[in-house]
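The values are calculated or read from the model by the stated rules, or taken from the named source; none is laboratory data. In this text, all values refer to a predicted model and were calculated from it rather than measured experimentally. No Cβ is skipped: glycine too gets one built from the backbone with ideal geometry, and neighbour counts run over all protein chains shown. Ligands, DNA and RNA are stripped out before the accessible areas are found, and what is left, the full protein with its side chains, is counted by its heavy atoms. Shrake-Rupley method; radii C 1.70, N 1.55, O 1.52, S 1.80 Å.
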Amino acid sequence: MRGWTIREISLALRQGHISPSELCQRCLSLIRKTKILNAYITVTEEQAVKQAEDAEKRLQRGNPLGPLDGVPVAVKDNFSTAGIETTCASNMLKGYVPPFNATVVQRLLDQGAILMGKTNLDEFAMGCGSTDGIFGPVRNPWGYSKQYREQLAEDCAVDDSDWVVAGGSSGGSAVAVASMSCFASLGSDTGGSTRNPAAHCGIVGFKGSYGLLSRHGLIPLVNSMDVPGILTRCVDDEYHAPGLSCETLEIWTKGVNLFEDGGARVVEVSLPHTQYSNVCYHVLCTTEVSSNMARFDGLEYGHRSNVESSTEALYAATRHEGFNDVVRGRILAGNYFLLKENYDDYFVKAQKVRRLIANDFLKVFESGVDVLLTPTTLSDASSYMEFIKEDNRTRSAQEDIFTQGANLAGLPAIAVPAILSRRGLPLSLQFIGRAFHDKQLLTVAKWFEQQMKFPLLQLQTPLNNCSELLKSQSSHARF
């Protein structure tokens, strides 16, 4: 199972080399062994076992639902899942059980995918480290890898308080794939929240063109920038992931290999010099956050304060208890930008800058450039103690400096692991493509991936000498 692609595991399932039930149990076992990574908020063991049994019957009859039939996947906990708690890693939505599936989740299930669980994140996806959710931070499996530990010349038993962050906000989804407890996962991407953790965890993170994948059922951070993201172990798996061949915009051909349309042609790749406006991104982000968070009052579902002195006091207390400092700060900043006296100076100006950024990309692509190449992050993953030296706002500005532009312009972008740093941690490159030329972007990314031959994570199993840490920590993931 180690290193298998979706294409390979799908073939093995159809040929009977492994059964969906056996594969499901292997992934559940890995989730337990790597619990210290805290990738999952909810592990849907009972449902996964039942789905695996159903997939096994279909495969035995020779009637698979699709290429994902019997393949274990995971979903970030800000996508609605029918009958499964959806918390956004917040107190506000603790106990909220949606009555429907997000469109991209439903497409996974329609193809027979096995849902292993809901993954951890920064509260309401507001962060870049997956350290701020109420279920505890996510740990990067590369911090427990042979490659990293050899560079440190340490054993895992040495003080583990300074572990390596996973990136965010889709850190749980990235870690679930990197630690091999599932084969693909859904993340969300507002300004890099899929590509950032993919880069830090040594996997592939893809955000499609804005509008390619449905946002229905994704609890939004920023409506005009949010895109469902897909995290996999290799670029080829992105093509088999949910929705890319059957979404609203019919621009894909089902089942066609990336290189079957005439082979790889000469592609013009450029290194951009434009500096994206982080201030523009921040203003647009916080103003939309204010509008989106206004509907979470905690009175109909999720958290509700015990304050009963007045309705106004109930609302105020519920919001104070339900949102952490980061979320409250963004709501307040957004309200400030939307004040009548500030609207033109901040929000309208930010929209104008956003149009300039989008036009800048357009001019480059019209000049003959097919793909832009940038780093994904400024460095490899930070240790936790180093990461928390700076506040959430500053960290987000630094971590997402190369990724925000694609969201502001609505362009497809993909992070592909390239090499290991001197510390033995993954470094990644980002490719940005023209709007709705996602297939071309994936083709280039796959060619690059084949040249790099990025090494497999040599995860110490089951995280040697770390079992004592598990005994001393509360169990966050709920089986």
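Go over the candidates 412, 426 one by one and state the one that is open to solvent by less than 10 Å² (accessible area, probe 1.4 Å), at pLDDT 95 or above, in contact with a helix residue (DSSP H, G or I) (Cβ under 9 Å, 6 or more places away or on another chain) and more than 21 Å from residue 166 (Cβ to Cβ).
Working: 426 fails: more than 21 Å from residue 166 (Cβ to Cβ).
Within the list 412, 426, the selection yields 412.
Inspect all residues belonging to region 139-152 and state whether any of them is closer than 21 Å to residue 27 by Cβ, open to solvent by less than 10 Å² (accessible area, probe 1.4 Å) and hydroxyl-bearing (Ser, Thr, Tyr).
The answer is yes, given that some residue of region 139-152 is closer than 21 Å to residue 27 by Cβ, open to solvent by less than 10 Å² (accessible area, probe 1.4 Å) and hydroxyl-bearing (Ser, Thr, Tyr).
Right, residue 94: touching a residue at least 12 places away in the same chain (Cβ under 8 Å), in contact with a helix residue (DSSP H, G or I) (Cβ under 6 Å, 6 or more places away or on another chain) and of a type in the set (Lys, Arg) or not? Outline the logic, then answer.
Working: touching a residue at least 12 places away in the same chain (Cβ under 8 Å): yes; in contact with a helix residue (DSSP H, G or I) (Cβ under 6 Å, 6 or more places away or on another chain): no; of a type in the set (Lys, Arg): yes.
Considered against the rule, which asks whether it is touching a residue at least 12 places away in the same chain (Cβ under 8 Å), in contact with a helix residue (DSSP H, G or I) (Cβ under 6 Å, 6 or more places away or on another chain) and of a type in the set (Lys, Arg), residue 94 comes out as no.
Only one of these conditions is not met by residue 122: (1) farther than 25 Å from residue 285 by Cβ; (2) crowded, with 20+ Cβ neighbours inside 10 Å; (3) not aliphatic (A, V, I, L, M). Which number is it?
(1)
Which numbered condition in (1) over 18 Å from residue 231 (Cβ atoms); (2) open to solvent by 50 Å² or more (accessible area, probe 1.4 Å); (3) part of a helix (DSSP H, G or I) is the only one that residue 24 fails?
(2)
Among the numbered conditions (1) open to solvent by less than 40 Å² (accessible area, probe 1.4 Å); (2) closer than 19 Å to residue 118 by Cα; (3) out of contact with any Lys or Arg (no Cβ under 8 Å at 6 or more places or on another chain), tell me where residue 50 comes up short.
The number of the failed condition is (1).
Please work out if residue 41 is at pLDDT below 95 and buried (at least 21 other Cβ atoms within 10 Å of the Cβ).
No, not satisfied.
So, in region 185-243, of the ones that are of a type in the set (D, E, K, R) and over 27 Å from residue 421 (Cβ atoms), which residue ends up most open to solvent (accessible area, probe 1.4 Å)?
Residues of region 185-243 that are of a type in the set (D, E, K, R), as a first pass: 189, 195, 207, 215, 226, 233, 236-238.
Pick out the ones that are also over 27 Å from residue 421 (Cβ atoms) and you get 215, 226.
On the way: 215: 77, 226: 4 Å².
Going through the qualifying residues, I end up with 215.
Go through region 415-445 and give me each residue that's aliphatic (A, V, I, L, M) and assigned to a loop (DSSP other than H, G, I, E, B).
Filtering region 415-445 for residues aliphatic (A, V, I, L, M) gives 415-416, 418-420, 425, 427, 429, 432, 435, 441-442, 444-445.
Within region 415-445, 425, 435 meet the criteria.
Scan region 332-339 and give yes if some residue there is open to solvent by 30 Å² or more (accessible area, probe 1.4 Å), under 30 Å from residue 426 (Cα atoms) and either among the aliphatic types (A, V, I, L, M) or in contact with a Gly (Cβ under 7 Å, 6 or more places away or on another chain) (or both), otherwise no. Give the steps one after another, and end with the answer.
Here is the first cut: in region 332-339, the ones open to solvent by 30 Å² or more (accessible area, probe 1.4 Å) are 332, 335-336, 338-339.
Filter once more, so that each one left must be under 30 Å from residue 426 (Cα atoms): none.
Looking through region 332-339, none of the residues is open to solvent by 30 Å² or more (accessible area, probe 1.4 Å), under 30 Å from residue 426 (Cα atoms) and either among the aliphatic types (A, V, I, L, M) or in contact with a Gly (Cβ under 7 Å, 6 or more places away or on another chain) (or both).
Can you tell me which of 181, 130, 185, 173 is modelled with pLDDT of 95 or more, among the polar types (S, T, N, Q) and in a helix (DSSP H, G or I)? Outline the logic, then answer.
Values: 181 fails: in a helix (DSSP H, G or I); 130 fails: in a helix (DSSP H, G or I); 185 fails: in a helix (DSSP H, G or I).
Just a single option satisfies the conditions, and that option is 173.
Can you confirm whether residue 395 is charged (D, E, K, R), over 28 Å from residue 139 (Cα atoms) and touching a Cys at 6+ places or on another chain (Cβ under 7 Å)? So that I can check it myself, show each step before the final result.
Working: charged (D, E, K, R): yes; over 28 Å from residue 139 (Cα atoms): no; touching a Cys at 6+ places or on another chain (Cβ under 7 Å): yes.
In short, no.
Check region 344-357 and report whether any residue there is of a type in the set (A, V, I, L, M), more than 19 Å from residue 404 (Cα to Cα), open to solvent by 60 Å² or more (accessible area, probe 1.4 Å) and without any contact (Cβ under 8 Å) to a residue 60 or more places away in the chain. Working first, answer last.
First pass over region 344-357, keeping only residues of a type in the set (A, V, I, L, M): 348, 350, 353, 356-357.
Imposing the further condition that a residue be more than 19 Å from residue 404 (Cα to Cα) reduces the set to none.
Taking every residue of region 344-357 in turn, none turns out to be of a type in the set (A, V, I, L, M), more than 19 Å from residue 404 (Cα to Cα), open to solvent by 60 Å² or more (accessible area, probe 1.4 Å) and without any contact (Cβ under 8 Å) to a residue 60 or more places away in the chain.
If you take the residues in region 386-397 that are in a loop (DSSP other than H, G, I, E, B) and under 19 Å from residue 423 (Cβ atoms), which one is least open to solvent (accessible area, probe 1.4 Å)?
Step one: of region 386-397, the residues in a loop (DSSP other than H, G, I, E, B) are 388-391.
Filter again for under 19 Å from residue 423 (Cβ atoms), leaving 388-389.
Details: 388: 80, 389: 147 Å².
Looking at residues that are in a loop (DSSP other than H, G, I, E, B) and under 19 Å from residue 423 (Cβ atoms), I get 388.
Filter region 360-379 down to residues that are open to solvent by 20 Å² or more (accessible area, probe 1.4 Å) and charged (D, E, K, R) and give me whichever is nearest to residue 174 (Cα to Cα).
In this case the residue turns out to be 360.
Out of everything in region 61-104 that is of a type in the set (Lys, Arg) and outside any strand (DSSP E or B), what residue ends up being least open to solvent (accessible area, probe 1.4 Å)? Let's see the steps before the verdict.
To start, the set of residues in region 61-104 that are of a type in the set (Lys, Arg) comprises 61, 76, 94.
Those left that are additionally outside any strand (DSSP E or B): 61, 94.
Working: 61: 153, 94: 95 Å².
Ranking the qualifying residues of region 61-104, first place goes to 94.
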